[in-house]
1. Taking the options Arg52, Arg72, Arg64, name whichever one is in contact with a helix residue (DSSP H, G or I) (Cβ under 9 Å, 6 or more places away or on another chain), over 19 Å from Met308 (Cα atoms) and buried (at least 22 other Cβ atoms within 10 Å of the Cβ).
2. Mind listing just one residue for me: the one in region 112-163 that is of a type in the set (S, T, N, Q) and in a strand (DSSP E or B) and, of those, nearest to Asp191 (Cα to Cα)?
3. In the list Met293, Met308, which residue meets the criterion of being of a type in the set (A, V, I, L, M, F, W, C), farther than 21 Å from Ala237 by Cα and away from the ligand (no atom under 16 Å from the Cβ)?
4. Of the residues Val219, Val172, only one is within 11 Å of the ligand (Cβ to nearest atom), within 21 Å of Ile127 (Cα to Cα), of a type in the set (Val, Ile, Thr) and in the same structural domain as Ala294 (by TED's automatic domain parsing); which?
5. Those residues that are within 14 Å of the ligand (Cβ to nearest atom), farther than 23 Å from Lys333 by Cα and assigned to a loop (DSSP other than H, G, I, E, B), I need them from region 59-95; list them, please.
6. Give the number of residues within region 310-325 that are assigned to a loop (DSSP other than H, G, I, E, B) and either over 18 Å from the mean Cα position of the chain (by Cα) or within 16 Å of Tyr212 (Cα to Cα) (or both).
7. Which condition does Gln233 not pass, out of (1) within 13 Å of the ligand (Cβ to nearest atom); (2) of a type in the set (S, T, N, Q); (3) surrounded by fewer than 15 Cβ atoms within 10 Å (Cβ to Cβ), if it passes all the others?
8. Exactly one of (1) touching a residue at least 60 places away in the same chain (Cβ under 8 Å); (2) touching a helix residue (DSSP H, G or I) at 6+ places or on another chain (Cβ under 9 Å) is unmet by Asp304. Its number?
Amino acid sequence: MDAKHIAQRTLDLVHRPRRNRRTEWSRRLVRENVVTTDDLIWPIFVIDGENRRAPVASMPGVERYSVDEAARAAAHAASLGIPAVALFPYTDPDLRDAHGSEALNDQNLVCRACRAIRQAAPDLGLITDVALDPYTSHGHDGVMEGETILNDETVAILVDQALNQARAGADVIAPSDMMDGRVGALRAGLDDAGFQHVQIMSYAAKYASAFYGPFRDAVGTNKTLIGDKRTYQMDPANTDEAIHEVELDLAEGADMVMVKPGMPYLDIIRRVKETFGRPTFAYQVSGEYAMIMAAAQNGWIDGDKAMMESLVAFKRAGCDGVLTYFAVRVAEKLKAQG
Ligand code: PBG
């Protein structure tokens, strides 16, 4: 067949979806979801010392910051327009004990970082993690009796942990522990202490996931963790259970809910958003970050494009925002694009 002959063979189509995709202006016009800096929450790892930055081997491009460096980094994030940061400590192993008592110390890394960041970036949202794992000698999110993670005893400690953080200036308390009833207890505890304005972002549907590995390197719990977290974090096979967990947390007073991990659980995000219509977040966790970075460093994927594509996927699934280690890189990229 010659070229002229091929050209004559046009199909008689009414619908040609490619028409809308032909030019950049048109693609922009019909675009349904957009990632903006307002969607980003940046998790920051805090370490002891001064003027100190320590890389995380399994998270290329992520550094742990001493309190002063964390304040500088947070101020930079704020200047880019990132609404909030989420703080996670690497606690000195000598300070870890069976009950995670360092979590209640008002001079612990998270409290010091809260105060320093508040000074450096007064209008930046401060989200603090409520769970005992960075503070316990056994690496679990709660206290143990034998091999059991005690629920109600843990919840009582978590309330004290949250109050300690609220006194240090935390704006949002984010329980990642998956104990039953902790959101209600936190709400009551905060209200009793005069912290009615402090928000709760609950890790409502948090799965027992292999994708947390690099995070556990960053906070030093891969070494300490005894066993696994399957008696409190959710079974990755379940979806109705996620709806139940979110329902409970909202009923107990959660202001915002989170699904974690992110990309392998987009179906859960979609269901949660459609069922409840409340502020819904995803945590693009350390293993998701590590996979994109590792493939990019090998030259197997375009890292920047994969980063942006992964984030728009969260928006498409119904997220109002995403906790992501890419936050600063995304914000810088968006700023450069104008
Ligand atoms: C623990 C906690 C974990 C993460 C956030 N808070 C790990 C775990 O449950 O063991 C994971 C975050 C990430 O992987 O980026 N309370």
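1. Numbers: Arg52 fails: buried (at least 22 other Cβ atoms within 10 Å of the Cβ); Arg72 fails: buried (at least 22 other Cβ atoms within 10 Å of the Cβ).
Checking each option against the conditions leaves just Arg64.
2. Thr128
3. After ruling out the rest, the residue left standing is Met308.
4. On the way: Val172 fails: within 11 Å of the ligand (Cβ to nearest atom).
The conditions single out Val219.
5. Answer for region 59-95, where residues must be within 14 Å of the ligand (Cβ to nearest atom), farther than 23 Å from Lys333 by Cα and assigned to a loop (DSSP other than H, G, I, E, B): Tyr90, Thr91.
6. As a first pass, look at region 310-325 and keep what is assigned to a loop (DSSP other than H, G, I, E, B): 318-320, 325.
Add one more test, that the residue is either over 18 Å from the mean Cα position of the chain (by Cα) or within 16 Å of Tyr212 (Cα to Cα) (or both), and what stays is 325.
The total comes to 1.
7. Unmet for Gln233, out of (1) within 13 Å of the ligand (Cβ to nearest atom); (2) of a type in the set (S, T, N, Q); (3) surrounded by fewer than 15 Cβ atoms within 10 Å (Cβ to Cβ): (3).
8. (1) is the only condition that Asp304 fails.
The values are calculated or read from the model by the stated rules, or taken from the named source; none is laboratory data. Bear in mind the structure is a predicted one, so any value in this text is a computation, not a measurement. Positions of Cβ are generated from backbone atoms using ideal geometry, with glycine treated the same way; all protein chains shown enter the neighbour counts.
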